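To keep things clear, I will list the structure first and then write my remarks on it.
The values are calculated or read from the model by the stated rules, or taken from the named source; none is laboratory data. Computed from a predicted structure; not experimentally measured. FYI the Cβ positions are ideal-geometry reconstructions off the backbone, even for glycines, and counts take in every protein chain you see. Calculation scope for accessible area: heavy atoms of the full protein, side chains included, ligands and nucleic acids excluded. Shrake-Rupley method; radii C 1.70, N 1.55, O 1.52, S 1.80 Å.
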Amino acid sequence: MTQPLDILCVSKSTGGVANYNRAVGEYLARQGHRVHVVCLSEGREAYAKQLEGLGMDVTALRMNRYKVSLLSDLVVGFRLWQHMRSNSVSIAIAHSAKAGLLTRLAARLSGTPTLYVQHSLPFLRRVQGNRAVVYRWIERFGSGLGGRIVALTRSMRQQIIENGVATADDIDVIYTGIEPDRYRTGNNHAAACLALGLDPGKPVVGWAGRFNTQKNPTGLVEAAAQVLARVPETQVLMAGEGPLRDAVVELARKYNIASNLVLVPWQSDISVVYAACDVYVMTSRWEGLPLSLLEAMACECPVVASAVDGIAEVIRNDVDGLLAPAGDTDALADGIVRLLVEPDSRSRIAQAARQRICDNFTVEGMMTGWRDLVERYAGK
């Protein structure tokens with residue numbers, strides 16, 4: 001290892017972005033670097049305590065990540081600049097759009113190298129609708145301040161280039177990784193079903209995530225109506241919370257499949273969902289590189305998913321999963337039914353899926369990428 005570096009990480013405090021930041025910060029701290037994390041937006045106090053327990057220095061700052069609040073945003077930017085100047089930060093790592101802009105602005109003023117992790121491509125119309133043009137301007141302005149962008153997949157890198165946000169020379173790709181051995185479900189299917197209120201003797205089609213536009217939970221209900229017409233005993237498990245939960249219930253009633261739908265809260269141990277599923281489904285309209293996909297595959301839970309963004313880079317169709325065009329509920333239903341009625345295909349795909357994760361999407365590979373990137377650009 002090179003000499004210890006002073007690393008500043010800036011992130012919102014909830015969701016997958018916070019989990020990603022925690023994993024990277026914890027790894028870099030274990031490598032002997034001094035890591036300070038600025039925790040922003042809702043949940044910051046609880047997140048700060050969690051990171052302190054992992055041995056990191058933390059600062060919790062108020063920030064509204066949903067809209068511009070000039071005074072509080074300027075305070076955050078000033079505090080970041082102040083920290084960079086007073087602590088001789090070797091490199092700053094920023095996550096999400098607003099945090100990324102404020103960090104890069106402070107870094108430009110203090111002369112600090114930056115790595116900005118592009119998690120969600122907010123400059124795309126399919127992600128932010130009419131606001132995408134504003135995000136595109138913000139992202140281009142942020143790139144002009146300097147530093148490098150870290151994309152989670154090759155497709156994200158390509159879309160950043162195509163939208164004029166940054167040039168190819170300014171972007172690195174680091175695939176998200178997991179620890180596959182943490183996601184072996186073994187012979188826990190019956191116990192998992194009982195724990196979730198399911199009948200272990202009937203097939204289970206599962207879904208987990210936030211009930212929102214991006215994750216498209218109503219798309220599963222539409223596909224499930226077709227699946228149940230062909231495999232009537234199927235149980236449809238959906239785990240999570242969010243604004244579209246009531247819409248899911250109403251749509252299930254409309255299609256007369258409410259009795260087959262089992263809704264449960266988000267599970268702290270998500271592996272119980274994968275263990276219960278005969279088929280796991282992802283109906284997302286867009287994605288970066290979702291952890292739930294990697295986890296399900298590591299659990300040897302066969303996946304049928306929308307062929308969008310990072311999902312289509314992980315799954316090789318009919319090798320380690322099945323892909324359907326985004327929004328095509330007919331194709332989604334066909335894939336689900338196929339895996340339900342063809343146990344040999346289900347077993348083959350499940351085994352290949354785990355091997356795919358073990359070979360290409362591990363924490364070890366992800367963190368090696370981060371170590372090399374940080375040490376290469378710190379101080380430059």
Could you say which residue among 41, 11 is within 21 Å of the chain's Cα centre (by Cα), modelled with pLDDT of 90 or more, open to solvent by less than 30 Å² (accessible area, probe 1.4 Å) and of a type in the set (Ser, Thr, Tyr)?
-> 11
Can you tell me which of 96, 86 is crowded, with 20+ Cβ neighbours inside 10 Å and at pLDDT below 95?
-> 96
Checked 359, 330 against criteria (assigned to a helix (DSSP H, G or I) and within 23 Å of residue 220 (Cβ to Cβ)); the one match is 330
Of the residues in region 359-374, those that are open to solvent by 50 Å² or more (accessible area, probe 1.4 Å) and either touching a residue at least 40 places away in the same chain (Cβ under 8 Å) or under 19 Å from residue 170 (Cα atoms) (or both) come to 360, 364, 371, 372
Which listed residue, of 305, 298, 258, is out of contact with any Gly (no Cβ under 6 Å at 6 or more places or on another chain), buried (at least 22 other Cβ atoms within 10 Å of the Cβ) and without any contact (Cβ under 8 Å) to a residue 40 or more places away in the chain | 305
Are there any pairs, at least 6 apart or on different chains, whose C-beta atoms fall under 6 Å, with the first in region 271-290 and touching a residue at least 24 places away in the same chain (Cβ under 8 Å) and among the charged types (D, E, K, R) and the second in a helix (DSSP H, G or I) and open to solvent by less than 10 Å² (accessible area, probe 1.4 Å), and if so, which?
-> 287/310; 287/311
Do you know which residues across region 120-134 are in contact (Cβ under 8 Å) with a residue 12 or more places away in the chain, in contact with a helix residue (DSSP H, G or I) (Cβ under 7 Å, 6 or more places away or on another chain) and open to solvent by 30 Å² or more (accessible area, probe 1.4 Å)?
-> 120
Among (1) of a type in the set (Gly, Ala, Ser); (2) closer than 26 Å to residue 375 by Cα; (3) buried (at least 16 other Cβ atoms within 10 Å of the Cβ), where does residue 168 come up short?
-> (3)
Taking the residues in region 73-83 that are free of Cβ contacts under 8 Å to residues at least 60 places away in the same chain and hydrophobic (A, V, I, L, M, F, W, C) as candidates, determine which candidate is surrounded by the fewest Cβ atoms within 10 Å (Cβ to Cβ).
-> 74
Give region 102-115 a look and list any residue that's open to solvent by 40 Å² or more (accessible area, probe 1.4 Å) and within 12 Å of residue 144 (Cα to Cα), or say none.
-> 105, 108
